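Values in this text are rule-based calculations from the coordinates and carry no lab data. Just so you know, these numbers come straight off a predicted model, no measurement behind them. Every residue, glycine among them, receives a Cβ derived from its backbone with ideal geometry; neighbour counts consider all protein chains shown.
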C-alpha cells in the first residue's frame, strides 16, 4: 500500500483551515466590537458571546443527523459554508438587524459544516488504514493554522482599519475555503453522497427535493437562532431543558445496562462533567481575558501598541508548538508503562489551567499605578492553560468511543456536543463576574478601575480549578477501575476505539467530533 495520503485530504485540510480562519477571526473581534464599537455593557456582550457559542456547539448534533439521513456530507458542507460566508458579510454591514442575522446564519452554517467535514476525512481511509491517524493529525494542524492566522489578520485589520473590514476578511476566508472544496470535490468520488431517497407518496413531496426542504428548514430556524442570541437567558432555559432531558435519558440508560457497561458510562458522564468545568474556565479566552488584554495588559512592542485581538493567536500558536511534544511524551511514557490514565490526564489539565489563571491574577496584583501589567504574565499563563488543554482535550472523544457501548457511541457524541454548549454558556456567566459596576461601556473606564476586579476573579477561578483538579485526582483510581482495563493510559486502547481519534490532536477535535 502507498503511504501517500489521499488527494482529498489536502482539499479538506485547506477548506477547514479557511473555515477556522473565518470562525476564529470573528471570535477574536466579537466581544471587543460589542464593548468598544457598540458600547454594550460587559454583561450584555458576554451574554451574546455565551449564547452564540452555546448554539454553535448545539447545532452540529442536528447537522450531523441531516447529513447522515438526508443531505450527505458533501452537500451539508457546501450549504454550511455558504451560510457562514453570508453571515460574515452581514457582520460587515453596520446595522443591528444584520448583526443578529449574521450570528443566526453563522450558527446554522456551523451546524452543517462542523460535524461533516471531519466525517468526510474519516471516509477517505479504511478503518485499519495505517495512514489514518497521521491523516487526522495533518487535518487538525490545518485547524490550528487557521486559528493562529485569523487573530493576526482579521484582528489587526478590524482594530486598525475598521471592525467591519475585519469581519469581511473572515467572510473572504470562508469563501476561499468553499472554493477550495468545490474545486477539489472530484477527489471525493462517491464519499459523502446523499443516502437513497425513499419514494414519496405525497405528490407535493415528489416535486420538492430533499435539499430544498432542508433549505426551508434552515430559513425557518434563523429567526429562532436570532431570538436566542438576542435573549441569552432564553438560551439558558433551552439548555437547561435539553440538559434535564438528556440527564434523565442517561440515568435510564446507565441503570438498565449490565455492570461493566454501566460503570464505563458513569466514567464518561463523570469526565464529561469535569470537562465542562475546564472549558467553562478556558472559554474566558474569548470574553473576560480578551477584555482584560485590551484594558489592562501593556501591549507596547517597540513603540507600537499591538491590538488586543492579536493575542488570541497565542493559544493556537502554543498548540502547534506543543502538540508534537505531548505526542512524544505520551508515547515515551507508554513504552515504559508509565503513561497516566485518562482521568489523571484530565486532572493534570485542570490543574495546569489553575496555574495559568493564578499567573493572570498574580500579574494583575503586580500591575503599576496605571493599572497595566506586563504581557509576559499573559504569555506564560496562556502557555500553562494550553498545556492543560493538550493534557485533557485530545483524550475526550477517544474516551467516549472507547467506553460507550457500540449502540450508544453516536448518542454519547451528542452528549459531548451538548456539554460544550453548556460550557460556553457557563463561561459567559463566569465572565460577568468581571463586569465593572456600570451600565455604560466599560471599555471607557481607566485601567486602574478594572485591574483589581479581573485579578480577584482570575484568582478565584484558579482556586476553584485547583480544588476541582484535586478532587478528580482523588477519584482517578476509582474511575480507572470502572474503565475495566480499556486503557492503562490514553495510548492503550481497546478495539472499541475509533482509530481516527488521535490522542495527540488538539482541542478542536474534541469539541465537535471532527473536531
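Some notes on this structure:
- Kirkwood Rh, angstrom, the range 59-132 [1 / mean 1/r, Cα pairs]: 13.0
- Relative contact order, whole percent, for the chain stands at 25, derived from Cα pairs under 8 Å and 6 or more residues apart.
- The length gained by stretching the chain between residue 160 and residue 96 to full extension, at 0.36 nm per residue less their Cα-Cα distance, is 20.9 nm.
- Contact order, relative form, for the range 1-150: 39 percent (alpha carbon pairs under 8 Å, 6 or more residues apart, mean separation divided by residue count).
- Rh by Kirkwood over Cα pairs, then Stokes-Einstein D for the range 128-191 at 1.306 mPa s and 10 °C, µm²/s: 114
- For the pair residue 362 and residue 406, the difference between a 0.36 nm per residue extended length and the Cα-Cα distance amounts to 11.1 nm.
- Whole-number percent relative contact order across the range 344-459, with pairs defined as alpha carbons under 8 Å at least 6 apart: 41
- Where only C-alpha atoms are counted, convex hull volume of the range 1-150 per residue in Å³: 110
- Full-extension gain in nm, residue 321 to residue 4, via 0.36 nm per residue minus C-alpha separation: 111.7 nm
- Descending by average beta-carbon neighbour count within 10 Å, the peptides 346-358, 20-32 line up as 20-32, 346-358, the highest first.
- Residue 251/residue 65 FRET efficiency (R0 25 Å; Cβ-Cβ; nearest 0.05): 0.60
- Scattering curve values for the range 1-42, log₁₀ I(q)/I(0), Debye with Cα scatterers, q = 0.17, 0.20, 0.25, 0.35 Å⁻¹: -0.60, -0.69, -0.81, -1.04
- The order of the peptides 430-436, 235-241, 10-16 by mean Cβ neighbours within 10 Å, most packed first, is 10-16, 430-436, 235-241.
- Take the Cα of residue 242, step 7 Å toward its Cβ, do the same at residue 329, and the gap between the two points is 3.3 nm.
- Per-residue ellipticity at 222 nm computed for the chain from its helices equals -24000 deg cm²/dmol, with DSSP H segments shorter than 4 residues left out and the rest contributing -39,500 (n - 2.57).
- With the convex hull drawn over the C-alpha atoms of the range 344-472, the volume per residue is 111 Å³.
- The chain: Rg to Rh, with Rh as the Kirkwood radius over Cα pairs: 0.96
- Nitroxide proxy distance, nm - points 7 Å out along Cα→Cβ at residue 467 and residue 123: 4.8
- Highest mean first, the peptides 252-261, 210-219 sorted by other C-beta atoms within 10 Å per residue fall in the order 210-219, 252-261.
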